[in-house]
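The values are calculated or read from the model by the stated rules, or taken from the named source; none is laboratory data. Predicted model, so just to flag it, every value in this text is computed and none were measured. When we count neighbours, we look across all protein chains shown, and the Cβ atoms used for this are built from the backbone with ideal geometry, even at glycine.
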Amino acid sequence: MTARVATTSPVAQVRPKGMVGRLFQLMWVILGVLAAAVVMAAAIEIGGMLAGVWPLDHSYRVLLKEREYIDAIGNFPLTWLSPLSVGVIAADYVDSAAATAIRSTGLEEWMGTIGAYVLALVNSTKIIIHRAAVCIFVAPGYILVMCVAAIEGLVYRDIRKYTGAHESSYVFHKAKRWMVPALALTISAYLALPFAVMPVLVFAPSIALSGFMTYVAAGSFKKFM
């Protein structure tokens with residue numbers, strides 16, 4: 001009687017990324033989102049100019065109106081910075097980089113022909129930077145509302161558990177699955193909008209929706225799935 005020895009090929013185990021690796025991955029994701037937003041906003045702006053939907057200085061008007069809306073937000077209470085000051089500082093670097101690129105590539109001779117479109121690209125980049133600064137300063141609002149919603153949801157979960165109410169992990173998985181996409185969709189749409197909009201009109205519903213989904217996810221969470 002011969003004994004059969006089962007040979008199995010070793011399975012390569014993927015080591016989970018550490019905190020530093022995740023931070024680098026998050027940084028590249030953010031940079032990718034910003035680059036995609038700049039390309040999309042510039043394409044929409046230039047396409048609208050070519051189609052005659054808006055005038056050639058449309059992006060500049062949007063930039064001025066956007067700065068008015070952001071300036072109305074006021075200073076961030078925990079720092080001496082404000083979204084407008086951060087956006088203006090970053091926009092100055094964009095101006096310097098654009099001027100250097102135009103001189104080094106020899107586009108100065110063509111500015112009479114394509115100057116309006118180059119300015120539209122630069123202004124679209126500035127608009128993205130200002131809106132990205134708003135997104136950074138709005139982040140504590142998301143965190144605060146989601147923390148409060150999570151606590152309220154866990155309290156509701158304990159009440160439901162001790163009263164013998166029905167439990168289902170289906171709602172938990174559905175709410176958890178849509179939390180990140182809803183947030184990403186809001187930020188992406190806000191960055192690429194071809195017109196000025198008050199930040200509160202974008203982020204107030206988004207923060208409320210994120211808090212509601214956090215409450216539903218925490219309230220329907222089951223310890224044993």
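Between L78, L64, the distinction of being at pLDDT below 80, surrounded by fewer than 15 Cβ atoms within 10 Å (Cβ to Cβ), under 29 Å from F203 (Cβ atoms) and hydrophobic (A, V, I, L, M, F, W, C) belongs to L78 only.
Regarding V148, is this residue surrounded by 15 or more Cβ atoms within 10 Å (Cβ to Cβ) and in contact (Cβ under 8 Å) with a residue 12 or more places away in the chain? In short, no. Selection of the stretch 95-145 for residues being of a type in the set (A, V, I, L, M), surrounded by fewer than 16 Cβ atoms within 10 Å (Cβ to Cβ) and under 26 Å from F203 (Cβ atoms) yields I136, A139, I143, L144. Does A175 count as assigned to a helix (DSSP H, G or I), modelled with pLDDT of 85 or more and on the phi < 0 side of the Ramachandran plot? No: the conditions fail for A175.
What do you reckon, is Y142 touching a Leu at 6+ places or on another chain (Cβ under 9 Å), more than 30 Å from L209 (Cα to Cα) and not hydrophobic (A, V, I, L, M, F, W, C)? In short, no. Do you know which of the residues in the stretch 151-170 that are part of a helix (DSSP H, G or I) and surrounded by 15 or more Cβ atoms within 10 Å (Cβ to Cβ) is modelled with the highest pLDDT? Only one residue tops the list, namely E152.
Report yes if some residue within the stretch 47-59 is closer than 30 Å to G141 by Cα, small (G, A, S), out of contact with any strand residue (DSSP E or B) (no Cβ under 8 Å at 6 or more places or on another chain) and at pLDDT below 85; otherwise report no. Among the residues of the stretch 47-59, not one is closer than 30 Å to G141 by Cα, small (G, A, S), out of contact with any strand residue (DSSP E or B) (no Cβ under 8 Å at 6 or more places or on another chain) and at pLDDT below 85, which makes the answer no.
Inspect all residues belonging to the stretch 195-208 and state whether any of them is closer than 16 Å to L144 by Cα, under 18 Å from the mean Cα position of the chain (by Cα), hydroxyl-bearing (S, T, Y) and at pLDDT 75 or above. Yes: one or more hits.
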